[in-house]
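Visitor: Please find one structure pasted underneath; my questions will follow.
Please treat every number below as a calculation from the coordinates, not as lab data. What you see is a predicted model; the values in this text were computed from it and never measured. Neighbour counts run over all protein chains shown; Cβ positions are idealised from the backbone, glycine included.
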Amino acid sequence: MRGARFRSFGWLTALLLAMLLAPAAAALAQDATPGASPVASPAGSPVALGETIQSPTRDQLRAEIDADLGYTEAAQQGGTFIDAGTSDIQTLNPLLSEEVQTSTVMGFIYDSLIGGDPRTGQPAPLGLADSWEIAPDRVTYTFRLNQDARFHDGVDVTAEDVVFSMDALADEATGSTYTGTFNNAVASYRAVDADTVELVATEPLASFLYDIFAIYIVPKHIWGSVPFDQWKTHPGSTGQDTSMVIGSGPFRFQEWRQGESVTLARNDDFYGKVPYIDAYSLRIWPDQQQVVNALLNDELDTAELEPADVSAIEGTEGIVVTDYPTQGFTYIEYNLDPAVTTLFQDARVRQALFYAMDREAIVNDILLGYGEVAQGTQPVISYAYSPDQITTQYTFDQERARQLLTEAGWADTNGDGTVDREGQEMAFEYLYPSGSPTSDQLVAYIQDAWRQVGVEMTPRALEFPALIEATTTTPTFAVAQYGFSWDASFIQDAMFGCDQYQVGFNDMRYCNPGLDEIHNQARREFDEERRAQLLIEASNIVNEDVPIMVTHFSQAIVAYNDRLQNYTPGPWGTELIYIWIQE
């Protein structure tokens with residue numbers, strides 16, 4: 001899964017850890033079957049108290065998945081799978097990954113404790129754990145590790161490495177965006193023996209297996225001497241010391257030519273299924289047009305397309321184009337920290353900007369139909385997707401937008417076309433990720449739409465790492481545009497929780513205690529229908545408060561060379577270890 005402009009939450013990261021590759025053509029944000037229930041999971045998610053739940057084993061589930069997806073034995077092995085990107089990875093430390101492109105690469109090098117089912121996006125024993133057991137109390141989870149797992153330097157992977165990785169994830173000093181979710185879910189953890197790990201949940205949680213998916217396993221003997229607060233800037237993370245890039249996954253790190261490419265080599269000693277291909281290469285192109293040209297010139301195997309690219313690619317001999325709904329959306333976030341800006345403290349201002357946009361025109365004229373106007377925050381493939389239950393539909397209404405601005409005290413008092421209040425004009429900078437012509441087109445449309453209601457925004461495109469810096473590390477932004485991919489639980493507290501500022505994805509500094517309580521209820525609710533209703537209620541609260549505006553739900557467009565076999569793009573991925581190249 002590529003998409004440097006697409007941020008990802010824990011379960012998606014776990015899929016990537018489980019050796020999944022899913023190019024996601026969310027053209028504006030740049031990172032099918034509906035997402036199934038996280039309760040009715042093949043991994044054995046608990047339904048009721050009082051009995052021990054045993055997951056299937058790796059071998060059992062692998063046989064089922066292989067049969068369902070119709071994987072064929074490779075007629076030949078070897079070759080390099082060449083992927084495309086318009087932005088580089090962020091880090092070589094998997095616990096610091098925040099967006100899809102970095103997570104993809106790290107997921108090929110490093111194992112997670114739990115893997116993911118490529119059919120459903122649900123927990124599965126396809127990571128380091130061969131199986132797990134959930135005690136009758138529904139808070140004690142015991143994971144049995146694969147005894148043949150070795151790091152790429154030949155050292156055994158043990159429970160101590162898992163515990164060390166959780167220590168790093170739990171410590172806010174590390175700087176992981178998954179720390180908040182992990183700490184809210186996990187009360188304690190310990191190594192039972194060399195091959196067994198026990199985790200204790202804070203309470204019985206339907207979401208627990210999703211909450212721990214961001215646990216990449218890093219070697220204690222490599223990273224143990226580095227203080228957690230130095231990880232982000234350490235040479236082992238930034239690429240200056242690549243000797244520290246030691247995982248246990250199906251591919252070994254080979255080279256990172258920053259701004260150009262990342263190359264991985266097959267790990268012939270992998271404890272699981274050894275990949276058919278010799279190598280994986282992520283090639284970085286400076287813009288989308290060069291990606292399209294490279295695809296047409298047979299210089300890469302797969303790429304996500306923007307809507308305008310389809311006509312140039314479709315029908316080309318040897319190239320297959322497919323599209324599907326995803327678990328993601330494109331959104332605009334507001335900085336609600338009054339110490340940074342007071343422009344957006346009044347929800348009526350944020351609502352006005354929502355009404356000022358013609359999102360039907362965005363989907364039809366800019367996305368060319370590859371997307372859906374968002375009602376609420378639950379994506380199309382979510383079990384909680386229910387647009388008819390969203391109480392406020394922000395249909396295009398410029399007069400309503402002007403009225404709300406007036407009610408909030410904003411008026412054009414000097415006749416310059418921009419509304420003002422108490423001497424301050426409604427003018428601000430709008431940050432968004434560079435590299436996407438479609439995104440440029442969207443931002444230009446939004447600029448014009450807001451100007452028509454008296455709001456002046458100045459667009460500024462940033463490389464993705466710089467955008468992350470501006471919205472998280474030093475959050476001095478006013479408004480920013482991103483894309484986001486959710487895990488299959490579709491519980492959204494990682495973005496909207498009061499305690500997720502700096503340790504999650506709550507860049508906005510948004511806080512609604514009532515919403516937090518609903519999300520907490522959803523995490524505890526094992527009945528899918530009741531949980532879905534809670535998530536719809538939460539979606540309505542966010543929709544009214546408008547800390548973010550979801551412009552549309554993403555539709556992926558993927559093009560790939562037909563020499564790829566066993567390649568099945570979809571919202572939850574296709575397994576790289578099974579892909580083989582027909583020459």
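Visitor: Test of understanding: among Phe270, Phe251, which residue is under 30 Å from Thr57 (Cα atoms), out of contact with any Ser or Thr (no Cβ under 9 Å at 6 or more places or on another chain) and surrounded by 13 or more Cβ atoms within 10 Å (Cβ to Cβ)?
Guide: Phe251
Visitor: Right, next: Filter the stretch 150-168 down to residues that are among the small types (Gly, Ala, Ser) and buried (at least 22 other Cβ atoms within 10 Å of the Cβ) and give me whichever is farthest from Ala265 (Cα to Cα).
Guide: Per the criteria, the residue is Ala168.
Visitor: Have a look at Val192, Val162, Val226, Val197 and point out the one that is of a type in the set (Val, Ile, Thr) and part of a loop (DSSP other than H, G, I, E, B).
Guide: Of the residues listed, the single one that is of a type in the set (Val, Ile, Thr) and part of a loop (DSSP other than H, G, I, E, B) is Val226.
Visitor: Kindly evaluate Val100 against the criterion of being closer than 27 Å to Tyr383 by Cα and among the aliphatic types (A, V, I, L, M).
Guide: yes
Visitor: Do you know which of the residues in the stretch 524-583 that are hydroxyl-bearing (Ser, Thr, Tyr) and touching an Asp or Glu at 6+ places or on another chain (Cβ under 9 Å) is surrounded by the most Cβ atoms within 10 Å (Cβ to Cβ)?
Guide: Ser554
Quick grid of which residues meet (1) within 28 Å of Tyr71 (Cα to Cα); (2) assigned to a strand (DSSP E or B); (3) within 21 Å of the chain's Cα centre (by Cα); (4) not acidic (Asp, Glu):
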| site | (1), (2), (3), (4) |
| --- | --- |
| Glu529 | no, no, no, no |
| Ile541 | no, no, no, yes |
| Val550 | no, yes, yes, yes |
| Ala559 | yes, yes, yes, yes |
| Thr568 | yes, no, yes, yes |
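Visitor: Would you be able to say whether some residue in the stretch 444-455 is among the polar types (S, T, N, Q) and within 30 Å of Trp285 (Cα to Cα)?
Guide: Yes, there is a match, as at least one residue in the stretch 444-455 is among the polar types (S, T, N, Q) and within 30 Å of Trp285 (Cα to Cα).
Visitor: What number goes with the only condition from (1) in contact with a helix residue (DSSP H, G or I) (Cβ under 7 Å, 6 or more places away or on another chain); (2) outside any helix (DSSP H, G or I) that Leu95 does not pass?
Guide: (2)
Visitor: Still on this structure, I have one more. Within the stretch 165-176, work out how many residues are assigned to a loop (DSSP other than H, G, I, E, B) and over 19 Å from Ser103 (Cβ atoms).
Guide: Of the residues in the stretch 165-176, 1 are assigned to a loop (DSSP other than H, G, I, E, B) and over 19 Å from Ser103 (Cβ atoms).
Visitor: Which is in contact with a helix residue (DSSP H, G or I) (Cβ under 7 Å, 6 or more places away or on another chain) and either charged (D, E, K, R) or surrounded by fewer than 16 Cβ atoms within 10 Å (Cβ to Cβ) (or both), of Thr395, Thr413, Thr391, Thr406?
Guide: Only one candidate passes the filter, namely Thr391.
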